Amino acid sequence: MKRRTLALLSAAALATAAAAGCSSSGSSPAAPSSASPGSANFGVNATGTVQFWARTVSKTLAQKLASEFNATHPNLKVKLTLTSINDDTTTLATSIRAGDPPDVVGLNDIDMPTFTRNGSFLNLTKAIAKLPYAASLSPGHVGLGAYQGQEYGVPYWADLSVLWYNKQLFSRAGLDPNSPPASYAQILSDAQAINKLGNGIHGFTFAATARAASGSPSSRASGPPGAT
């Protein structure tokens, strides 16, 4: 039988994800559950070990979730494995091809479609609908975990990408310093206006930082510091 990974990434839903671990592998796999995800008996009396892969950038939260779950589930244990943010999708794809994927995986939301469209993840639509906080889940994140109307994952943490702009450069370029760009088209046109200032001033740059390399880039207009 084809093994499927659960991209179930919510703190409170971790119990449901772990209980469904029967379909995957591990040194001590969870005992099978006769109930399907979303049913009232799903995961009841489950035992064993659930393999949870999370990206290193989410280490603190992932460890907290696993510890709290393990403290309240004496017969079902979550084993956390941290994967590199640079090759987490490659590692997951390799494990799927080898028939040995984790039971639960934490992914960058934009990487979800790569796996949902080829049937790698378990359909969690019914289970997610039964969550008491389902209506409070971020629709954008849930949408990235959906495919053809079915849901395959839920968000469990979020970060923030920020666009900085330089008011002094906006003024010098004849732009309204109190009206930052609100679309990609406006970013481009404002950047082109600032580029015309010359003298080594650039209208748009990406900050070359470790945070940017981690997939959470900060973008800013280049220019004198302290004028944001």
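For region 123-142, does any single residue satisfy the condition of being among the aromatic types (Phe, Trp, Tyr) and touching a residue at least 60 places away in the same chain (Cβ under 8 Å)? Yes, that holds for at least one residue. For region 87-116, a residue qualifies if it is touching a residue at least 60 places away in the same chain (Cβ under 8 Å) and either farther than 19 Å from TYR152 by Cα or surrounded by fewer than 17 Cβ atoms within 10 Å (Cβ to Cβ) (or both), and the qualifying residues are GLY99, ASP100.
Identify, please: which residue in region 147-178 is in contact (Cβ under 8 Å) with a residue 24 or more places away in the chain and of a type in the set (D, E, K, R) and is, among those, nearest to LYS196 (Cα to Cα)? The extreme case among them is ARG172.
Of all residues in region 80-89, one or more are hydroxyl-bearing (Ser, Thr, Tyr), touching a Phe, Trp or Tyr at 6+ places or on another chain (Cβ under 6 Å) and modelled with pLDDT of 90 or more. Inspect all residues belonging to region 102-116 and state whether any of them is over 17 Å from the mean Cα position of the chain (by Cα) and assigned by TED's automatic domain parsing to the domain that holds GLN150. Among the residues of region 102-116, not one is over 17 Å from the mean Cα position of the chain (by Cα) and assigned by TED's automatic domain parsing to the domain that holds GLN150, which makes the answer no. Residue-level check: of (1) of a type in the set (Val, Ile, Thr); (2) farther than 26 Å from LEU160 by Cα; (3) surrounded by fewer than 21 Cβ atoms within 10 Å (Cβ to Cβ), THR81 misses just (2). The set of residues from region 92-113 being outside any helix (DSSP H, G or I), closer than 22 Å to GLN63 by Cα and not acidic (Asp, Glu) comprises PRO101, PRO102, VAL104, VAL105, GLY106, LEU107, ASN108.
Among the residues that make up region 78-91, is at least one of them closer than 22 Å to TYR147 by Cβ, touching a helix residue (DSSP H, G or I) at 6+ places or on another chain (Cβ under 8 Å) and of a type in the set (S, T, N, Q)? Yes: region 78-91 contains one or more residues that are closer than 22 Å to TYR147 by Cβ, touching a helix residue (DSSP H, G or I) at 6+ places or on another chain (Cβ under 8 Å) and of a type in the set (S, T, N, Q).
Residue-by-condition table, conditions (1) part of a loop (DSSP other than H, G, I, E, B); (2) surrounded by 13 or more Cβ atoms within 10 Å (Cβ to Cβ); (3) touching a Pro at 6+ places or on another chain (Cβ under 9 Å):
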{"position": "ASN123", "(1), (2), (3)": "yes, yes, yes"}
{"position": "HIS141", "(1), (2), (3)": "no, yes, yes"}
{"position": "TRP157", "(1), (2), (3)": "yes, yes, no"}
{"position": "SER161", "(1), (2), (3)": "yes, no, yes"}
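Annotation note: of ALA146, ALA207, ALA127, the sole residue that is closer than 24 Å to TRP53 by Cβ, at pLDDT below 90 and of a type in the set (A, V, I, L, M) is ALA127.
The values are calculated or read from the model by the stated rules, or taken from the named source; none is laboratory data. This is a predicted model, so every value here is computed, not measured. Don't worry about glycine lacking a Cβ; one is built from the backbone with ideal geometry, like all the others, and counts go over all protein chains shown.
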